[in-house]
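Computed from the coordinates by the stated procedures, all read-outs in this text should not be read as laboratory data. Since the model is a prediction, treat every value here as computed from it, not as a measurement. Quick reminder, even Gly has a Cβ in these numbers, built from the backbone with ideal geometry, and neighbours come from all protein chains shown.
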Amino acid sequence: MSDWERASTARVLPPARPRKLAKVPFVELADGRVQGVVSSGSDIGRVYVSSVAAGTYEFACSTNNNRPCGGARGMFCNHILALLNEAALQYGVERVARYLRVEVAAEELTAQAVSQVMIAARPSQGDSTAAASVFSQFLRHLAYLEFEPSTAPVPELQWFPPTRAVG
């Protein structure tokens, strides 16, 4: 076990490549899924919560009001494809493929190739029960943008260890 794995803080990895946040403002590899929030192309007030499960590739896509996505009928919709592309930018395509348990030859490893392998496996459409939790995490992240820059402690982050030794 490495030193950082024994520490009480987590290592922060920089994005594999910079990405634009307008289309996919939130993406994460969590809870056995690639999941996130994708902006609607037609309505500025609507977002979609999309996810793809590791191993089974079961997918879900619904609006922030928990209405099903019209494009996700038996196949990945454009929201899910955008989510997978942005996950590859954020985390690197190798890490996303490994996380989703998708096998693609190293010389062919692209976000599109990963998506094609999953589509060829004919994944099923799952329920969107995780959508509320994913959307809640996204809103929590947005709340931090409203804070004024400060060096004062943030109460909900008090569990972080101090930066210098006490005593």
Out of residues 5 or more away from A30 or on other chains, whose amide H comes under 5 Å of its own, with H placed 1.01 Å from N in the peptide plane?
Q35
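Sorted by mean Cβ packing within 10 Å, highest first, what order do the peptides 123-131, 55-63 take? Each step should come with its number before you reach the end.
On the way: 123-131: 16.0, 55-63: 19.6.
So the peptides 123-131, 55-63, ranked by packing, come out 55-63, 123-131.
For region 107-147, what ratio Rg/Rh do Cα atoms give with a Kirkwood hydrodynamic radius?
On the way: Rg = 16.3 Å, Rh = 13.3 Å.
With Rg and the Kirkwood Rh in hand, the quotient comes to 1.23.
Highest mean first, how do 24-30, 98-104, 87-93 rank when packing is the count of other Cβ atoms within 10 Å averaged over residues?
Details: 24-30: 19.9, 98-104: 16.0, 87-93: 21.7.
Final packing ranking: 87-93, 24-30, 98-104.
Over region 74-139, what number does the Rg to Rh ratio reach, with both radii from the alpha-carbon atoms and Rh per Kirkwood?
On the way: Rg = 12.8 Å, Rh = 12.9 Å.
In region 74-139, Rg relative to Rh is 0.99.
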Hey, if you drop one equal point scatterer on each alpha-carbon of region 20-140 and run the Debye formula without solvent, what base-10 log of I(q)/I(0) do you get at q = 0.11, 0.15, 0.21 Å⁻¹?
-0.31, -0.58, -1.17
Residues M118, M75, sorted so that the one with the fewest Cβ neighbours within 10 Å comes first
M75, M118
Please state the charge dipole magnitude for region 20-140, taken about the Cα centre, from unit charges on C-beta atoms (+1 on K and R, -1 on D and E), reported in debye and rounded to the nearest 20.
300
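For a quick check: sort I80, I44 by the number of other beta carbons within 10 angstrom, fewest at the front.
Working: I80 27, I44 8.
So the ranking, lowest neighbour count to highest, is I44, I80.
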